[in-house]
Amino acid sequence: MSMEQRVQSWIRPEIQALSAYHVPDASELVKLDAMENPYTWPQDLRREWLKRLSHVDVNRYPDPRAKDLAGELRLAMQVPGEMAVLLGNGSDEIIQMLALAVSGQGRSILSVEPGFVMYSMIATWCGMDYHGVPLRGEDFSLDMPALRLAIGKHQPALIFLACPNNPTGNLFADEEIVEVLEMAPGLVVVDEAYAPFTDHSFMSRLGRFDNLLVMRTVSKLGLAGLRLGMLAGPQAWLDEIDKVRMPYNINVLTQETARFALEHHQVLDEQTRAIRRDRQKMFESLQGMQGITAYPSQANFILARTAPGRAQALFEHLLNNGVLVKKLHGSHPLLEDCLRFTVGRPEENRQLLELLEGFGHG
Ligand code: PMP
């Protein structure tokens, strides 16, 4: 048997059918594709941080529960006192823990489409079925009749609702999320990855529903390189999910750096305010542009639609001129002709907008 045959016979067919999570090479490009905070730290803060790291020992394993960091995050993210928190190596790892903890014969994950790709990908990794319920085409709001039907039929173990949603940028109506919580047979995770860019949150509702968990990440607020996510919710759920957590999943450098960053949160807060302000500017400029439809966003990116059939050409035009954005065209029927622009630094946004102005939108 050749190695290829051996690979084919042992790797599960559904894994062979997947494409690995693709991250394009962005070197030398203005990077507006991945919802990162574009700002680095001021030099003095950087020096202080390196001094702080010089006291960190790497010969021992990290604090297995990252107690100090968890306590500080709980305060920073306003987790209600009686709720538990669990940390992950990015919220991606938390999605995986949740799926692992509920997976099994006939178990499924349900979310909305277009949505965050990792929900379905991780469902597949864990041998679970995935059901993606389409959003309403006009405004990407929840399609409640379709959701009621799908939840009733599939009885999902786990429902993910990202709010604001990626890649559409909108919030879902509170009362509709509440209805999902009330009809769900299992867990509902409100994924608040983009919480820094909106005043809206379900965090304060924790405890009012015994199946609600709220997930956060530090990635979008300026610490994507650390890989740190947080799940908040009732102790009874989190105690079980904690059993499938990798030992020492939050490394010492992440623990120390995240604590340092939280102590200096004013720097990140200021950057977040700038991103929110520049999102508004970018949105207004896009709205005034011929051949582009921009969708209102509560996140640090804006979804935009080109004239029919022009998304690929626009993507290439931007790329050839040094600007990398996310091409969504072709990924879902509701995202025909769509691109997603992460809000960058003012000069990067200006470069993007000038290139958009200079493009023959057709
Ligand atoms: N949830 C949503 C809705 C996201 O868009 C992302 C990142 N693209 C994540 C979770 C993952 O975040 P993290 O970097 O914490 O793994």
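Tabulated data for the structure shown
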item: Spacing of the two label points (7 Å from each Cα toward its C-beta) at VAL117 and THR40, in nm; result: 2.8 nm
item: Environment charge of THR257, counting only residues whose C-beta is closer than 13 Å and scoring Lys/Arg +1, Asp/Glu -1; result: 0
item: Net charge contributed by nearby residues that have their C-beta within less than 12 Å of GLU347 (K/R +1, D/E -1); result: -1
item: Spatial separation of Cα centroids for region 210-279 and region 1-75, in angstrom; result: 13 Å
item: Proportion of all alpha-carbon pairs of region 197-250 beyond 14 Å (%); result: 63 percent
item: Principal axis dimensions, largest first and in whole angstrom, of region 10-169 by Cα; result: 56, 43, 39
item: Extension gain from LYS67 to GLU14, taking 0.36 nm per residue of separation minus the Cα-Cα distance; result: 15.3 nm
item: Charge-dipole axis of region 57-264 as Lys and Arg at +1 and Asp and Glu at -1 on Cβ define it, positive-most pick from ILE151, PHE197, THR124; result: THR124
item: For the chain, average projected area of the Cα convex hull in nm²; result: 20.6 nm²
item: Dipole magnitude of region 257-362, debye to nearest 20 (Cβ charges: Lys/Arg +1, Asp/Glu -1, about Cα centre); result: 200 debye
item: Computed magnitude of the charge dipole of region 274-333 (debye, nearest 20; Cβ of K, R +1, Cβ of D, E -1); result: 140 debye
item: Rg(Cα)/(2.2 N^0.38 Å) for region 150-277, N = residue count; result: 1.15
item: Anchor LYS327: lysines whose Cα lies under 27 Å away (excluding residues fewer than 8 positions away in-chain); result: LYS31, LYS220, LYS281
item: Kyte-Doolittle mean at least 1.0, axial Cα span of 20 Å or more - DSSP H helices of the chain; result: none
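Laboratory data are not the source of any read-out in this text; all were calculated from the coordinates shown. Computed from a predicted structure; not experimentally measured. Cβ atoms come from the backbone with ideal geometry, glycine included; neighbour counts cover every protein chain shown.
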